[in-house]
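The values are calculated or read from the model by the stated rules, or taken from the named source; none is laboratory data. For clarity, every value in this text was computed on a predicted model and none was experimentally measured. In this analysis, Cβ positions are derived from the backbone assuming ideal geometry, glycine residues included, and neighbour counts consider all displayed protein chains.
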Amino acid sequence: MQLIRKPIHPKVGKQMKKKYEDIHFVETEQPVWNYSLFTDEDIRNFQQGTHYRLYELFGNKQLTVLDTPGTYFAVWAPNATYISVTGYFNQWNKESHPLKVRLDHSGIWEGFIPHLKQGEAYKYHIHGFKGVRLDKADPFAHFAELRPYTASITWQTHYEWSDTQWMKDRKKNNALTAPFSVYEVHLGSWMRPDKYNEDSYNSYQQLIERLVPYVQEMGFTHIELMPVMEYPYDGSWGYQGTGYFAPTSRFGSPQDFAALVDAFHQAGIGVILDWVPSHFPYDAHGLFMFDGTHTYEYADMRKGYHPDWNSYIFNYKRGEVKSFLISSARFWCDRFHVDGLRVDAVSSMLRLEYSRDEGQWEPNEFGGNGNLEAIAFIKDLNETLYRDFPDVQTIAEEATDWPKISRPTYEDGLGFGMKWMMGWMHDTLDYFKMDPVFRQFHQDKFSFSMMYFYDEHFMLPLSHDEVVHGKSPMIYKMPGDEWQKFANLRLLYTYMYTHPGAKLLFMGNEFAATSEWNHKTELQWDLLQFVSHSGMKYCVQKLNELYRSEPALYEKQFEPGGFEWIDLQHRSESVMVYKRKGKKPEDDVLVLLNVTPIVRHNWEVYVHDKKSWKEIFNSNDQAFWGTGDVYNPEIKTELVDKPSACYKLTLNLPPLGAIVLK
């Protein structure tokens, strides 16, 4: 006799507690039936690191076998000697429902438990290496209990999508020749029902009502979600994950998460997910020492341990681990229609000596510092995603001078679509932190980005990393009094939006948050009652509108022909001028930056071919909390050289301001 308990549907929110009521007793001669979903080809590909749909086989699957409904389980634990499924359904009995190990030396344990339905919490009880006893969550589960509880839940990801039009158009929307303006968000702390309670979350459904229209109002083309893959510790922000196939239960079910993605798509907004294949934590229920020894991580701690994050590094050499990771990446594109993955900490994956001193790492077989297995994994990852989902983008967070990060693998690149431009971010912030009086001596720091811009497909990031750990919020990085700080920040943002490349802005930066980001609270929405902050928000909104409406700002954003320096010869006045070019000459725009608080009246600049210009954006607009008194309703033009069609423009430059002409 086997007692089957049926769960009341889990309530996911402030408290996710399962209540169980007895249904009936089911007589079964075998509590676990022999059953398998694997073919011999599946096993070969899994072991060789070339099976990228493992989520269709591993984990829990609600099936009907011999006219009997139930749940099939499969888990990889090559060093285990015994595995059972334990949960509320059997009172966490560790002996009543043992799985069978396959006889093909694959290390896969599997079995079918009749009458076990969706919504049951469970773990694998493992007798592992040298007799160790472990209780592990399912690495392939799609749903987990709300932390601090750590069990997996039998659940599937089926969802009826309504984003047909987006999926039809997204090749255009996600192209490198399209505007790509990203709003980076931590779902838990963007906004809370109770801003003083860190356990108070908006559900995925509430985020549909609140976050989706906000991103749409602001004009961002994409949203990037800091990791939503299940993770145990809030303070890791999701970067120490345990569920590579499960949206976090903090905000709802997998179907609720799918509905959020669907809602963004219906609003014309792409969804990018942070994804962390570089390391994982040592939580007892997670991947670390999964079957009593190093299963998912390198056994050699010179390669397998991350000293910076006190975490463990995937063994990219092991075929099963490579299949696991690429299947995870593919899963989010396949089951949740995501438009891209931002791959975290790529530098740490590529370099054997990353964050290690001499003697703490071993060179590769050629004497170099590259992790050859990680490099091969990354290339296969990108080749697979772009083959199966050609309309998505993969984006590398990579901070070194490693070559060809965003070049195709057939050109000996790593195959990413884009790379974060960390050098631009550091140089730009260093430059804008300076008192304007000193900027004339550091113009090269400002202009240096275009010396190497075309080496990669760059995304310009002003991310969460720049507003935590004592780095100060964006507004307080700026020098001067309160008005100058806001003017400087509007100037910086205008420079960012008119510089070639995709853009990324972390939540709160758009309205000049005055506190560093804190994951335990919500953003400082009350600041929007002040005209300075609401003006900053409106400025970012109009910059997104400018970026999306002017083809010259995106059509050739990764091509040398899309940018031209017009004037870098006025260092002492700290005025810089450049042109952005589209496919059509009439779409060209001219950008003038005055990075000192001095008004420049009757400023002269020389351009070719075009006689008539008008001002289409001014960062000193009164609506942005600028002075609004230095602008160009009419721009005087004078032909100075007819053979070369050279014209002199005479105009006014606002203090700490940027203007865009067309």
Restricting attention to the range 98-148, report how many residues are under 26 Å from R335 (Cβ atoms), part of a loop (DSSP other than H, G, I, E, B) and among the acidic types (D, E). 3
Kindly provide the set of residues from the range 543-570 that are closer than 26 Å to M418 by Cβ and surrounded by fewer than 18 Cβ atoms within 10 Å (Cβ to Cβ), ordered by number. E545, R548, S549, E559, P560, G561, E564, W565
Answer yes or no as to whether M167 is out of contact with any strand residue (DSSP E or B) (no Cβ under 6 Å at 6 or more places or on another chain) and within 20 Å of R210 (Cα to Cα). no
Scan the range 297-320 and tell me whether some residue there is under 21 Å from the mean Cα position of the chain (by Cα), hydroxyl-bearing (S, T, Y) and either at positive phi or assigned to a loop (DSSP other than H, G, I, E, B) (or both). no
Within the range 56-85, restricting attention to residues that are over 28 Å from G131 (Cβ atoms) and of a type in the set (A, V, I, L, M), which residue is surrounded by the fewest Cβ atoms within 10 Å (Cβ to Cβ)? L66
For the range 373-420, how many residues meet the condition of being more than 19 Å from A345 (Cα to Cα), touching a residue at least 60 places away in the same chain (Cβ under 8 Å) and buried (at least 18 other Cβ atoms within 10 Å of the Cβ)? 3
Just to be sure before I move on: is N369 touching a Gly at 6+ places or on another chain (Cβ under 9 Å) and farther than 24 Å from Y231 by Cβ in the structure I sent? no
Say we look at the range 300-324 and pick out the residues that are touching a Gly at 6+ places or on another chain (Cβ under 6 Å) and touching a residue at least 60 places away in the same chain (Cβ under 8 Å); which of these is farthest from I108 (Cα to Cα)? K322
For the range 64-72, indicate whether the set of residues that are under 26 Å from R44 (Cβ atoms), modelled with pLDDT of 95 or more and more than 37 Å from the chain's Cα centre (by Cα) is non-empty. yes
Could you tell me whether any residue of the range 607-629 is in a strand (DSSP E or B) and under 18 Å from Q569 (Cα atoms)? yes
Could you please find all residues in the range 328-350 being in a helix (DSSP H, G or I) and more than 17 Å from Y52 (Cα to Cα)? V346, S347, S348, M349, L350
Considering only residues that are surrounded by fewer than 17 Cβ atoms within 10 Å (Cβ to Cβ) and acidic (D, E), which ones fall in the range 201-242? E209, E217, D234
Given the range 376-479, what helices (runs of 4 or more DSSP H) lie entirely inside it while holding 2 or more residues that are more than 24 Å from E224 (Cβ to Cβ) and among the small types (G, A, S)? none
Of all residues making up the range 164-180, the number that are in contact with a Lys or Arg (Cβ under 9 Å, 6 or more places away or on another chain) and surrounded by fewer than 21 Cβ atoms within 10 Å (Cβ to Cβ): 2
In the range 594-606, what residues are of a type outside the set (K, R), surrounded by fewer than 22 Cβ atoms within 10 Å (Cβ to Cβ) and part of a strand (DSSP E or B)? H601, N602, W603, E604, V605, Y606
Do we find a residue being crowded, with 21+ Cβ neighbours inside 10 Å and not charged (D, E, K, R) anywhere in the range 437-445? no
Would you mention how many residues in the range 61-79 are without any contact (Cβ under 8 Å) to a residue 24 or more places away in the chain and either assigned to a strand (DSSP E or B) or among the aromatic types (F, W, Y) (or both)? 1
Suppose we filter Y35, Y52 for residues that are closer than 22 Å to A246 by Cα, crowded, with 17+ Cβ neighbours inside 10 Å and either out of contact with any helix residue (DSSP H, G or I) (no Cβ under 9 Å at 6 or more places or on another chain) or touching a residue at least 24 places away in the same chain (Cβ under 8 Å) (or both); which single one remains? Y52
Of all residues making up the range 290-299, the number that are surrounded by fewer than 23 Cβ atoms within 10 Å (Cβ to Cβ) and either more than 24 Å from H127 (Cα to Cα) or in contact (Cβ under 8 Å) with a residue 24 or more places away in the chain (or both): 2
What about H285, is it under 21 Å from V185 (Cα atoms), crowded, with 16+ Cβ neighbours inside 10 Å and either small (G, A, S) or touching an Asp or Glu at 6+ places or on another chain (Cβ under 9 Å) (or both)? no
